[in-house]
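The values are calculated or read from the model by the stated rules, or taken from the named source; none is laboratory data. On a predicted model such as this, the values are computed, not experimentally measured, just so you know. Positions of Cβ are generated from backbone atoms using ideal geometry, with glycine treated the same way; all protein chains shown enter the neighbour counts.
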Amino acid sequence: MKDTFFIKFDNMAFQGIDEDSELIPLLTPEDEEEMHNEQLPETLPILPLRNTVLFPGVVVPITAGRDSSIQLINDANNGNKVIGVVAQKDEATENPRFKDINTVGTVARILRVLKMPDGNTTVIIQGKKRFEISGVLVEKPYITATIRETQEDPTDQTSEEFLAIIESIKDLALTIIKENPNLPSEASFAIKNIQSNSFLINFVSSNLNLEVHEKQELLEIGNLQERALATLKYMNVEYQKLQLQRDIQSKVRSDMDQQQREYFLHQQMKTIQEELGGVSYDEEVQEMQLRAKKKKWGKKVAEHFDKELAKLQRMNPQVAEYSIQRNYLDLLLDLPWNEYSQDKFDLKRAERILDRDHYGLEDVKRRIIEYLAVLKLRNDMKSPILCLYGPPGVGKTSLGKSVAEALGREYVRMSLGGLRDEAEIRGHRKTYIGAMPGRIVQSIKKAGTSNPVFILDEIDKLSSAHQGDPSSAMLEVLDPEQNNEFYDNFLEMGYDLSKVMFIATANNLATIQPALRDRMEIINVTGYTIEEKVEIAKRHLLPKQLKEHGLNRDHLKIGKRQLEKIVEGYTRESGVRGLEKQLAKMVRYAAKSIAMEEPYQVKVTNEDIEKVLGPARLERDKYENNEVAGVVTGLAWTQVGGDILFIESIISRGKGALNITGNLGKVMKESAAIAMQFIRSNAETYGLNPEIFDKYNVHIHVPEGATPKDGPSAGIAMLTSLVSLFTQKKVKKSLAMTGEITLRGKVLPVGGIKEKILAAKRARIKEIILCEGNRKDIEEIKEEYRKGLTFHYVTDMSEVIEIAITNQKVKNAKKL
């Protein structure tokens, strides 16, 4: 049986259970008779319980955390205070429905509702009668069902057999309470003073250490004598377990004596090993002392080490804590306290290394050189926390190796993707079995110096769980004002990380905690142009793949035109990871041909590319649709870089309905509604008869419906599409646009301009319309990225229409 105690509640004596805090009143026969005669309502709200079964007459406190349960309790407490209580079939079910609960439960009355400090609601309820659910009326906001009373099978409570069972239950319960030291003696008072036989059975059943489904089986037994026999059976099992525990404790005492004997034997073995030349524990301690003398740590760390070493010497080597303490001392000795690699301040050499390993990325390279320049002049500076932000495959992670080589520092990489345990950052406390330091300290130990280049890969993919919030633990790591005393739970003291050069990488800034993002210097690493991809493939990717497949430059040659064909026809990304996969296919084809002694073209042609890679899948035939009025090319930003999208509009006879499709988000649908309303209010300006809006249905569609799309950037494109549709004037070819609109027809600036410009160049766009407010963004983009593009800066939709609609002004367009 569970541990029990007595408490006072509302001037009534209750018996309670320690862990589940169940409260059981000492029910009198008069109370039972009144409860038996009480009529049940036809319908009841049903409260599902995770790990408790309520028996008639028993009072229990229930902690409600689910919103539906809290609402049910509040509604019932304000009404007749009667609810139905049923156990769940699976306690892991978060939002149980009718199929997830048992059909037999107990009608309960709410005695008290308490608001807990943690925000949960605790309700004290008392079981009344058993019932069975006949049918479900509703399941939202909580289950409400029709019920019928479950009648007890007739039992002769005066028979000798029944009375013998009751006496056995009482005697066995008193014996368990007496022999279990965890049960207070006051519990026997409750057993002796229970006057009702049925309540005694329910009381004992409620207190047994049984699984929920076993208690549910007891509740569903209709015959009181059969329920009493089943309860007695479980009590006998519990009593046998109690006797077994007592035997085990006796055996453990004997084992302790045996352990003392083994200790003396081990001491004798130790002496024999020393005589034979083996390593003793004392020699290990002496070796640690010698290593400690060579460490460059400060006085505070040295005193802490001596204290922990003295603790090790006092320990019995046979206990489990000895190995934990020895591992802890090894960590203190292995960490590079105040050991730093010498930085190389040859800035010209650093530039050559960065240019050799990475083509493009000028902003990142310039920032690294600036850091080296300041470090060279000052010779002491807290390392900055750089965050390289951009789409996958643009070289963010590999850049760290080049930076480490340029600085002459050790290189460490730590992947944070999916990390959800705070102990991975801060470490475990030594009191836990299998405790170890956090990965930050482990990586510093592996590097061997206290100033490595530390890559925090995928920092935007940190996740939270019940083990803690790792992104919050990273705040101390990445704060230059705090990380000079970074506290690791296993190390139990501060470690200086201020000289470490942290470089984080991320694909999406939106998922990074704001406080964490504030501690980092964001450097935007955008995608590459087609020309840059060709150069990267020529300089880095192709030689790398040839080497990995056991070939050299004489085995396969891919010209610049062929590389450009692969880039344009088989990759559609901001980075170069997909391009590298396509080049790997070409190299594998050559390797297979050489291994099988088959003829192949060493100098790859366009026909060879299609033979190996198949027909071009991403040919950008973007402009044939512009032959139809209502089709406009827009520019979009995605997590993998920029992209282009199309806005298509058609009309059909109807009653003026507006349909929007294409897996669009709320903001994008609002942009379409704004555009439609703007045209309605300015119909005469565009030469349109206002009556047509009531005679035609409009359908706006954004292709590639499987891809979710959202944001305000497509506002001017949607409005241009609708104007082109109603005026039946085609949009100018090779033209794309991006910008947000207002109901007054104003054009607002948007973000992701550089990524959108690169997407436009990849798609052979010639002209781009964008807001005047984005002019500064265009001026920040390198001239080579803007080459071949014409930019039109606008502030009002009338300017957009003048530029986008060809042949003649829209005001003179033919009316529908």
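For residues in the range 178-209 being among the aliphatic types (A, V, I, L, M) and touching an Asp or Glu at 6+ places or on another chain (Cβ under 9 Å), which is farthest from THR155 (Cα to Cα)? The qualifying residue farthest from THR155 (Cα to Cα) is LEU183.
So that you can scan it fast, the table gives a plain yes or no per residue for (1) under 37 Å from the mean Cα position of the chain (by Cα); (2) modelled with pLDDT of 90 or more; (3) assigned by TED's automatic domain parsing to the domain that holds ILE757; (4) under 23 Å from THR397 (Cβ atoms):
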| position | (1), (2), (3), (4) |
| --- | --- |
| LEU551 | no, no, no, no |
| ARG561 | no, no, no, no |
| GLY569 | yes, no, no, no |
| LEU583 | yes, yes, no, yes |
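For THR175, the requirement of being in contact with a Ser or Thr (Cβ under 6 Å, 6 or more places away or on another chain), more than 20 Å from GLU33 (Cα to Cα) and either surrounded by fewer than 19 Cβ atoms within 10 Å (Cβ to Cβ) or not assigned by TED's automatic domain parsing to the domain that holds THR158 (or both) is not met. Among the residues of the range 178-199, the one identified as at pLDDT 80 or above and within 49 Å of the chain's Cα centre (by Cα) is PHE199.
Here the range 275-291 is the region considered, the condition is being modelled with pLDDT under 70 and exposed (fewer than 11 other Cβ atoms within 10 Å of the Cβ), and the residue that is nearest to LEU333 (Cα to Cα) is VAL279. So, in the range 408-464, of the ones that are out of contact with any Lys or Arg (no Cβ under 6 Å at 6 or more places or on another chain) and aromatic (Phe, Trp, Tyr), which residue ends up farthest from PHE502 (Cα to Cα)? The extreme case among them is TYR432. Contact map, the range 292-315: first residue closer than 12 Å to LEU335 by Cα and in contact (Cβ under 8 Å) with a residue 40 or more places away in the chain, second residue of a type in the set (Asp, Glu) and in a helix (DSSP H, G or I), Cβ cut-off under 9 Å, separation 6 or more or different chains; pairs are ALA292/ASP306.
Tell me, please, whether a residue that is without any contact (Cβ under 8 Å) to a residue 60 or more places away in the chain and part of a strand (DSSP E or B) can be found in the range 68-81. No, the range 68-81 contains no residue that is without any contact (Cβ under 8 Å) to a residue 60 or more places away in the chain and part of a strand (DSSP E or B). Here is the figure for the range 458-486: residues that are surrounded by 15 or more Cβ atoms within 10 Å (Cβ to Cβ) and within 23 Å of PHE305 (Cα to Cα) total 2. ASP355 satisfies every condition listed in (1) surrounded by 13 or more Cβ atoms within 10 Å (Cβ to Cβ); (2) free of Cβ contacts under 8 Å to residues at least 60 places away in the same chain; (3) over 30 Å from LYS538 (Cα atoms) except (3). Figure legend. Inter-residue proximity from the range 696-723: first residues at positive phi, second residues buried (at least 18 other Cβ atoms within 10 Å of the Cβ) and at pLDDT below 90, beta-carbon distance below 7 Å, spacing 6+ or different chains. Indicated pairs: GLY711/MET668. Whether any residue in the range 87-98 is part of a strand (DSSP E or B) and either surrounded by 14 or more Cβ atoms within 10 Å (Cβ to Cβ) or in contact with a helix residue (DSSP H, G or I) (Cβ under 8 Å, 6 or more places away or on another chain) (or both) is what I want to check. For the range 87-98, residues part of a strand (DSSP E or B) and either surrounded by 14 or more Cβ atoms within 10 Å (Cβ to Cβ) or in contact with a helix residue (DSSP H, G or I) (Cβ under 8 Å, 6 or more places away or on another chain) (or both): present. Which count do you get for residues in the range 103-145 that are assigned to a strand (DSSP E or B), of a type in the set (Ser, Thr, Tyr) and under 41 Å from the mean Cα position of the chain (by Cα)? The number of residues fulfilling the criteria is 4. If only residues of the range 430-446 that are among the small types (Gly, Ala, Ser) and either surrounded by fewer than 21 Cβ atoms within 10 Å (Cβ to Cβ) or at pLDDT below 85 (or both) are counted, the one that is nearest to LEU509 (Cα to Cα) is SER443. Taking the stated definitions as given, is LYS382 part of a loop (DSSP other than H, G, I, E, B) and under 24 Å from LEU456 (Cβ atoms)? Judged against the criteria, LYS382 is a match.
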